[in-house]
Every structure is written in structure tokens, then in C-alpha cells.
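*Asks:* Can you read through this structure? Questions will come right after.
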Amino acid sequence: MNQNAQDNAAALRARLKGLRAGMPPQDRDRGALLIRGRLYTWLATNRTRLRESGRPDVRCIAAFWSMADEPALQALLRQWAQDETLTVSLPVVAAPGQPLQFRAWTPDTPMKPGAYGILEPEGPQAPAPDIVLVPTLGYTRQGDRLGYGGGYYDRTLAALRAAGHAFTSVGVAWACGDLSAEPYAPAAHDMRLDTVLTDKGWAVPAPEL
């Protein structure tokens, strides 16, 4: 990425963080509820179809522990964790510049602050995920993602694909992160998401699993 592109991405990040920080609390709560509901329904519908067609079911979901300004997913994670046929995992920063690790999580799993102050589970390493929920600051309608600049998810998704593991990546974003009208171009190493869900609905159509 050249210097102009880096400067543009940094300016976009700052502006998008300001937009989401300025969301009224009631819009934030309502929007997060809608996101959780759509995710739950999408997964349940697809799992039913997979089972009825005799295809392998979704077993492992790599989620993330929402920070203050991100759509709150914790209530949905607790709901999924009650399903004995699902394994919910959360990311752990193992080392700078490396892909994330995913560790199994339940509501009883001990948590501790990680490298960026985000709570990380102390559970065992989880199986490779069938679904990866990706915190997304900005997005395009083609599934391009603007993250926080650390590159952790790009490295993680690239490593999963390089290992030949099949999974579906789902960006979770606020609708104000839409970059459709912005002069944004993803970097060569940026990994495109399979779909993006916002408080206004699916910005990139939800795939069938």
C-alpha cells in the first residue's frame, strides 16, 4: 500500500470511528438486537437445510468479543454456547504479525485482557471454524473490509484458506461504515469477506451454507 493509500485509510478509519461513536444509544441497542436476530435466524435456517440435505452441519463458530462501539454480540454468543452441537470460540492475539488463534469459549470460561485490552478466553484451542464473524469498521458492497489497521484478520483468513479449510466469513458492521461513496481501494493483502451484516440488513447478500 502506498503512502497516499495509507493516509486515506487512516483518515477513513478516524471518520468512521467518529460516526459510530456518535450513534444515539437507542439506535445502537436496537441495531445490535437486529444484527443478533438476523445472525441467529441465518445460521438456524442454514443448519436446518444442511441437516435435511444430509450435508455436514456447521459445528464451530469463531466470534469476537465486542468492544464498546461495536455491535454487541455477547447475548447471541451465550445463546449459541447453550447449544451442545456448537463450539463458540474467540480470538487470541498470540504474537504481533501472526494470525489469530481461536480458543473455545462458554459463559463460564475465564477471560483476561489481551494485547489490545480486549478480553480473551483462557479455554483450550478450538477446532478450525466453519464460520468466522469479523469485526468490520468499513465495508464495500463487494465484501471488501476496512479494519483497524493491524492486519490480524487478513492474516487469519489467509492462513485458513492456505490450509485448505472451508469456512464462511461474515463481516459485522454498523451501516454508517458503508464505503460505497468513498474513494477506497483495498490493499493487495486485504481478504474479501463472503458477506457483511449491518444494523440495516445484509449489505452483501447472505450466502447459503
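The values are calculated or read from the model by the stated rules, or taken from the named source; none is laboratory data. Note that this is a predicted model, so its numbers are computed, not measured. Ideal geometry is used to build each Cβ from the backbone, glycine not excepted, and the neighbour counts take in all protein chains shown. We work out accessible area using only protein heavy atoms, side chains counted, and drop any ligands, DNA or RNA first. Shrake-Rupley method; radii C 1.70, N 1.55, O 1.52, S 1.80 Å.
*Asks:* Which residue out of Ala166, Ala203 is at negative phi and assigned to a strand (DSSP E or B)? First the steps, then the outcome.
*Replies:* Working: Ala166 fails: assigned to a strand (DSSP E or B).
Residue meeting the stated conditions: Ala203.
*Asks:* Being surrounded by 13 or more Cβ atoms within 10 Å (Cβ to Cβ) and either farther than 23 Å from Asp108 by Cα or over 17 Å from the mean Cα position of the chain (by Cα) (or both) narrows it down to one of Arg30, Arg55, Arg47, Arg36, so name that one. Let's see the steps before the verdict.
*Replies:* On the way: Arg30 fails: surrounded by 13 or more Cβ atoms within 10 Å (Cβ to Cβ); Arg55 fails: surrounded by 13 or more Cβ atoms within 10 Å (Cβ to Cβ); Arg36 fails: either farther than 23 Å from Asp108 by Cα or over 17 Å from the mean Cα position of the chain (by Cα) (or both).
Going through Arg30, Arg55, Arg47, Arg36 in turn, the sole match is Arg47.
*Asks:* Separate question: Within segment 114-122, identify whether any single residue is touching a Ser or Thr at 6+ places or on another chain (Cβ under 7 Å) and under 24 Å from Arg28 (Cβ atoms), and answer yes or no. Let's see the steps before the verdict.
*Replies:* Applying the first criterion (touching a Ser or Thr at 6+ places or on another chain (Cβ under 7 Å)) to segment 114-122 yields 121-122.
Okay, now just the ones that are also under 24 Å from Arg28 (Cβ atoms), so none.
No, every residue in segment 114-122 fails to be touching a Ser or Thr at 6+ places or on another chain (Cβ under 7 Å) and under 24 Å from Arg28 (Cβ atoms).
*Asks:* Turning to a different aspect of this structure: So which of Gly151, Gly138, Gly117 is surrounded by fewer than 20 Cβ atoms within 10 Å (Cβ to Cβ) and within 15 Å of the chain's Cα centre (by Cα)? Give the derivation first.
*Replies:* On the way: Gly138 fails: surrounded by fewer than 20 Cβ atoms within 10 Å (Cβ to Cβ); Gly117 fails: within 15 Å of the chain's Cα centre (by Cα).
Result of the check over Gly151, Gly138, Gly117: Gly151.
*Asks:* While we're on this one: What are the pairs with Cβ atoms under 6 angstrom where one residue, in segment 42-56, is assigned to a helix (DSSP H, G or I) and the other, located anywhere, is open to solvent by 20 Å² or more (accessible area, probe 1.4 Å)? Sequence gap at least six, or different chains.
*Replies:* Trp42/Ala206; Asn46/Leu209; Arg47/Asp57; Leu50/Asp57; Arg51/Asp57
*Asks:* In segment 131-145, how many residues are assigned to a loop (DSSP other than H, G, I, E, B) and not aliphatic (A, V, I, L, M)?
*Replies:* Number satisfying all stated conditions: 6.
*Asks:* Which one of these is under 21 Å from Trp80 (Cα atoms), in contact (Cβ under 8 Å) with a residue 60 or more places away in the chain and of a type in the set (Ser, Thr, Tyr): Thr198, Thr168?
*Replies:* Details: Thr168 fails: in contact (Cβ under 8 Å) with a residue 60 or more places away in the chain.
Checking each option against the conditions leaves just Thr198.
*Asks:* Hey, could you check segment 87-134 for residues that are of a type in the set (D, E, K, R) and in contact (Cβ under 8 Å) with a residue 24 or more places away in the chain and say which is nearest to Arg145 (Cα to Cα)? Quick ask: steps written out before the conclusion?
*Replies:* Residues of segment 87-134 of a type in the set (D, E, K, R): 103, 108, 112, 120, 122, 130.
Right, trim to in contact (Cβ under 8 Å) with a residue 24 or more places away in the chain and you get 120, 130.
Working: Glu120: 23, Asp130: 20 Å.
Checked segment 87-134; the qualifying residue nearest to Arg145 (Cα to Cα) is Asp130.
*Asks:* Across segment 154-192, what is the total count of residues that are surrounded by 13 or more Cβ atoms within 10 Å (Cβ to Cβ) and over 16 Å from Pro99 (Cβ atoms)? Talk me through it step by step, then tell me what you get.
*Replies:* Looking only at segment 154-192, we keep the residues that are surrounded by 13 or more Cβ atoms within 10 Å (Cβ to Cβ), and these are 154-161, 167-179, 182, 184-187, 190-192.
Pick out the ones that are also over 16 Å from Pro99 (Cβ atoms) and you get 168, 170-179, 182, 184-187, 192.
Of the residues in segment 154-192, 17 are surrounded by 13 or more Cβ atoms within 10 Å (Cβ to Cβ) and over 16 Å from Pro99 (Cβ atoms).
*Asks:* Among the residues of segment 58-79, how many are crowded, with 19+ Cβ neighbours inside 10 Å and either without any contact (Cβ under 8 Å) to a residue 40 or more places away in the chain or part of a helix (DSSP H, G or I) (or both)?
*Replies:* Final tally of qualifying residues: 2.
*Asks:* Shifting gears a bit: Give segment 85-101 a look and list any residue that's modelled with pLDDT of 95 or more, open to solvent by 30 Å² or more (accessible area, probe 1.4 Å) and more than 17 Å from the chain's Cα centre (by Cα), or say none.
*Replies:* Selection gives Thr85 alone.
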